[in-house]
1. Over region 275-410, what relative contact order in percent results from Cα pairs under 8 Å that are six or more residues apart?
2. When N is the residue count of the chain, what does its C-alpha Rg come to as a fraction of 2.2 N^0.38 Å?
3. Starting from the Cα gyration tensor of region 338-388, take the square roots of the eigenvalues, sort them a ≥ b ≥ c, and report rounded, prolate or oblate (rounded when a/c is under 1.5, otherwise prolate if a/b is larger than b/c, else oblate).
4. What relative contact order, as a whole-number percentage, does the chain give when Cα pairs under 8 Å and 6 or more residues apart are counted?
5. For the chain, modelled as a Gaussian network with Cα springs under 10 Å, which listed residue fluctuates most, 113, 332, 379?
6. So what is the 222 nm mean residue ellipticity for the chain from helices alone, if each DSSP H run of at least 4 adds -39500 (n - 2.57) and you divide by all residues, rounding to the nearest 500 deg cm²/dmol?
7. Among 339, 122, 23, which one shows the biggest mean-square fluctuation in a GNM of the chain, springs joining Cα atoms closer than 10 Å?
8. Would you mind ranking 126, 196 by Cβ crowding within 10 Å, fewest neighbours first?
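Each value in this text was obtained by applying a stated rule to the coordinates, not by laboratory testing. Note that this is a predicted model, so its numbers are computed, not measured. Cβ: placed from backbone, ideal geometry, glycine included. Neighbour counts: every protein chain shown.
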């Protein structure tokens, strides 16, 4: 009887959760379809839908409705499901990163890959030093500066891969170089984020800092070795091996949390070190991608949108800072990447196309920003500015690439 009573007590919470999911998926799909009509990635519409359901729009036009639908006390289950979605998504992102791409690229591509990460990280860190007195919000100085640089250096690998596929550029020189840059950007930025979280969470594992870094290195080596033994590259992915992949993914996520590194790094690493075999990758993607992208990620978009409030940018000076952040993000990523490629002998048209592609930050940027917000490295105001930057740099990518590098198949 106690067990039944406990289940009945949880029913109102389940009812509001299902209503939240119904509204979120319906709005996300509707806005996503509108974006598809204007030749933008559907996921961008879903990202914007999350912001529209938050205080930036719904909280303004119908505050009572937003309060009833997304009451703070009801957000626990929504947060939990969104985190499951993020873990699976970061696993997919890691799965799409091919470290061997650089070995197939020219020296100019290698230089551009390094520059497309180093330049925004350095420029972002310099800008963070200037912004810290105004927007530091009590966060430690070093994690704030390093995190801001890492957030500026990220590239939206999944969005980039889909743009290249849609435009039939995946196997062209532009596509290979862009994917090489994105691979270096994501791996480098998430490794830097791992270091930042260890510094920012000094008491997370109750170990000395040096021991935690040593344990982190050992954990990464174990991941590489274990996966190669469990998943031979020439064996199809059956039910048992899929279960093994799920167990290993969850083990990696748990281990990264124990070490004081964010769980999403563990999910990303699990994807990166999976054996590179088309059959294995496609089987994993088929089993994970549909539920993650259609059902779980929109929940994260709304949870992200609930923490994004345009009203926090409430003065001309703050909007000027927001514009400055966007300008630095574009200049340090698009312009410097293009200049490096042109210096390496690539024509301007292809150089600028690669620069425009790697400038897209998209959903991966939202993920890394939420890590910073969870760790209280960045303030809600700066978080909102960076979300606007992520949307702007991603929205500008498809039309800019179409203008610079017209589709020869159109």
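1. Reported as a whole number, the value is 28 percent.
2. Details: Rg = 21.2 Å, N = 410, 2.2 N^0.38 = 21.6 Å.
Relative to the 2.2 N^0.38 Å estimate, the chain comes out at 0.98.
3. Working: a/c = 3.82, a/b = 3.52, b/c = 1.09.
In terms of gyration-tensor shape, prolate.
4. Working: 584 pairs, mean separation 111.4, N = 410.
Relative CO of the chain lands at 27 percent.
5. In the Gaussian network model the winner is 379.
6. On the way: 20 runs with 307 residues, N = 410.
-24500 deg cm²/dmol, from helical runs alone.
7. Checking each option, the largest mean-square fluctuation is seen for 23.
8. Numbers: 126 15, 196 24.
Sorted ascending by nearby Cβ count, the order is 126, 196.
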